[in-house]
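Participant: Shown below is the structure under consideration.
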Amino acid sequence: MEIVPLGPGFAAELRGVTLAEIAADDAAYTAARAAFEQHSVLVFRDQEVTNEGQLAFSRRFGPPEVTKIGSMGTGTHFVILTTIGEDGKVVPADHRLSLRNKANQLWHTDSSFKRVPALTSILSARIIPERGGETEYVSTRLAFERLDAGLRKKIENSFAWHDYAHSRSKITPDLASPEERAALPPQCWRMVWKNPANGRSAIYLASHAYAVEGMEPELGKKLIDELMEAATGPGTSYVHQWKNGDVVMWDNRATMHRGRPWPAHEARLMVRTTISATEADGIDTMRPPSRQAAE
């Protein structure tokens, strides 16, 4: 297995190994997991991807999420990200599928709005537009390390509230359905996630974050905006230009990502599996000392 660096201090392509080999072979998994912990974003090219193969690979990293209500793939382990309607044609720009893809163009980390946040997401390209539709990543670990010492110390002991409906409302007020709002109440997480494998810390935020526990609303929003801006400034991102056969996985504890726009008339179909974080991934350090006190 060859590791080829891609981004500014993070992200790498793994060559000479397939998803199937990592799923089946302990040594291959151990090497891939070490690369994941170090580089945060891993790219695999020229893969022969099936849903079954993607899920088998994903399961090596932990328990797969069941897709939430309101998403394509609800009740399965797959999230279907597409602008192709039931009739096989690309939906118009004001269609709910298009608006959801627009929401994914906000900087975010997956599942921070869930009762169990995500360790990693695995995304495979099935149908890609001729141009556009890239996925852009930043390292919130490197962003944390760039902060001054006082701010690092402050946010290490601060907690932010995350809400799916909040990020969706930035696109249109009713994009999150009443059923989604009921199933996904706001969650409170520490603003810094320390990786137990290497001791490195990362800012843990997303477009879902809307308030800081114990701070006045405007001050909390200002802090969130300041940290988001620090993490996503010029020269900090890796932009993945998709090709057929590409699979990309990323560490939701240590990155943010966003989709990039593409011509509205061109089809795009991606399939994502998402692995929940466990105690071994540091989730227990992320919860407020007392959930009741935080609420």
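The values are calculated or read from the model by the stated rules, or taken from the named source; none is laboratory data. Predicted model, so just to flag it, every value in this text is computed and none were measured. So basically every Cβ, Gly included, is an ideal-geometry build from the backbone, and we count neighbours across all protein chains shown. For the accessible areas, the whole protein counts, side chains as well, though only heavy atoms, and no ligand, DNA or RNA atoms are used. Shrake-Rupley method; radii C 1.70, N 1.55, O 1.52, S 1.80 Å.
Participant: Report, in debye and to the nearest 20, how large the dipole of segment 182-223 comes out about its Cα centre when Lys and Arg carry +1 and Asp and Glu carry -1 on their Cβ.
Facilitator: 240
Participant: Give me the three principal axis extents of segment 1-156 from the C-alpha atoms, as integers in angstrom, largest value leading.
Facilitator: 51, 42, 34
Participant: Shape verdict for segment 112-171, please, from the Cα gyration tensor: rounded (a/c under 1.5), prolate (a/b greater than b/c) or oblate.
Facilitator: Since a/c reaches 1.5 and a/b is larger than b/c, the shape of segment 112-171 is classed as prolate.
Participant: Run the quick spin-label model on Thr50 and Lys221: label points 7 Å from Cα toward the beta carbon, then report their separation in nm to one decimal.
Facilitator: The two pseudo-label positions are separated by 5.0 nm.
Participant: When the helices in the chain are scored as -39500 (n - 2.57) per DSSP H run of 4 or longer and the sum is shared across all residues, what 222 nm value do you end up with, to the nearest 500 deg cm²/dmol?
Facilitator: One gets -7500 deg cm²/dmol as the mean residue ellipticity at 222 nm.
Participant: Using the Kirkwood radius over Cα pairs, work out the Stokes-Einstein diffusion coefficient for segment 140-220 at 10 °C and 1.306 mPa s, in µm²/s as a whole number.
Facilitator: Roughly 114 µm²/s, to the nearest whole number.
Participant: Leaving out ligands and nucleic acids, and using a 1.4 Å probe, what accessible area per residue does the chain come to in Å²?
Facilitator: Heavy-atom SASA per residue in the chain reads 45 Å².
Participant: Right, here's the next one. Can you find, among Pro261, Trp161, Met215, the residue farthest towards the positive end of the dipole of segment 140-295? Put +1 on the C-beta of Lys and Arg, -1 on that of Asp and Glu.
Facilitator: Pro261
Participant: A further question on this structure: Which of rounded, prolate or oblate describes segment 207-276 when judged by the alpha-carbon gyration tensor and an a/c cut-off of 1.5?
Facilitator: Verdict is prolate for segment 207-276.
Participant: Checking the a/c ratio against 1.5 first, then a/b against b/c, what shape does the Cα gyration tensor give for segment 182-232?
Facilitator: Because a/c hits 1.5 or more and a/b fails to exceed b/c, segment 182-232 counts as oblate.
Participant: Placing unit charges on C-beta atoms (Lys and Arg positive, Asp and Glu negative, everything else neutral), compute the dipole magnitude of segment 131-271 about its Cα centre in debye, rounded to 20.
Facilitator: Value, rounded to 20: 380 debye.
Participant: So for the chain, considering every pair of alpha-carbon atoms, how many percent are separated by more than 31 Å?
Facilitator: Summing the P(r) tail past 31 Å for the chain gives 24 percent.
Participant: Describe numerically, in nm with one decimal, the distance between label points set 7 Å from Cα along Cα→Cβ at Thr30 and at Ala183.
Facilitator: 4.0
Participant: Could you run the Karplus curve 6.51 cos²θ - 1.76 cosθ + 1.60 with θ = phi - 60° over segment 272-284 and give me ³J(HN,Hα) per residue in whole Hz, x for Gly and Pro?
Facilitator: 10, 10, 9, 10, 6, 6, 10, 4, 5, 8, x, 4, 5
Participant: With r as the distance between the Cβ atoms of His95 and Arg59 and R0 = 35 Å, compute the FRET efficiency 1/(1 + (r/R0)^6) and round to 0.05.
Facilitator: 0.60
Participant: Same structure again: Take peptides 148-154, 210-216 and line them up by average Cβ neighbours within 10 Å, highest first, as a rough protection proxy.
Facilitator: In descending order of packing, they fall as 210-216, 148-154.
Participant: Once fully extended, how much extra length lies between Arg260 and Arg146, figured as 0.36 nm per residue of separation less the alpha-carbon to alpha-carbon distance?
Facilitator: So the extension gain works out to 38.5 nm.
Participant: If a helix is a whole DSSP H run, which ones in the chain reach 18 Å or further along their own axis (Cα) and hold a mean Kyte-Doolittle hydropathy of at least -0.5?
Facilitator: Membrane-span-like by this rule: 26-39, 217-231.
Participant: For Asp174 paired with Asp87, estimate the spin-label separation in nm (one decimal), with each label point 7 Å from Cα along the Cα-to-Cβ line.
Facilitator: 2.2
Participant: Would you compute the Debye intensity of segment 120-266 from its alpha-carbon atoms alone, equal scatterers and no solvent, and pass along log10 I(q)/I(0) at q = 0.13 Å⁻¹ to two decimals?
Facilitator: Reported log10 I(q)/I(0), two decimals: -0.69.
Participant: May I pose another question? When the chain is modelled as a GNM with alpha-carbon springs shorter than 10 Å, which of Ala23, Ala277, Ala206 fluctuates the most?
Facilitator: The residue that fluctuates most here is Ala23.
Participant: Explain nothing, just the number: dipole magnitude of the chain about its Cα centre with +1 on each Lys and Arg Cβ and -1 on each Asp and Glu Cβ, in debye rounded to the nearest 20.
Facilitator: 360
Participant: Follow-up question, since we're still on this one. Work out the charge dipole of segment 1-141 with +1 on the Cβ of Lys and Arg and -1 on the Cβ of Asp and Glu about the Cα centre, then indicate which of Leu19, Pro63, Gln105 is farthest towards its positive end.
Facilitator: Gln105
Participant: Tally up the carbon and sulfur contribution to the accessible surface of the chain as a whole percent, 1.4 Å probe, everything protein left in place.
Facilitator: C and S fraction of accessible area: 52 percent.
Participant: Still on this model: Can you tell me which of Ala267, Ala280, Ala35 moves the most in a GNM of the chain? Springs connect C-alpha atoms under 10 Å apart.
Facilitator: In this elastic network of the chain, the residue with the biggest mean-square fluctuation among Ala267, Ala280, Ala35 is Ala280.
Participant: Sticking with this structure for a sec: If segment 1-79 were replaced by its equivalent ellipsoid, with semi-axes equal to the square roots of 5 times the Cα gyration tensor eigenvalues, what would those be, largest first, whole Å?
Facilitator: 24, 15, 12
Participant: Ratio of segment 33-117's C-alpha Rg to 2.2 N^0.38 Å, to two decimals?
Facilitator: Dividing the Cα Rg of segment 33-117 by 2.2 N^0.38 Å gives 1.28.
Participant: Sticking with this one: So, in Å, what gap is there between the alpha-carbon centers of segment 207-257 and segment 1-65?
Facilitator: 22
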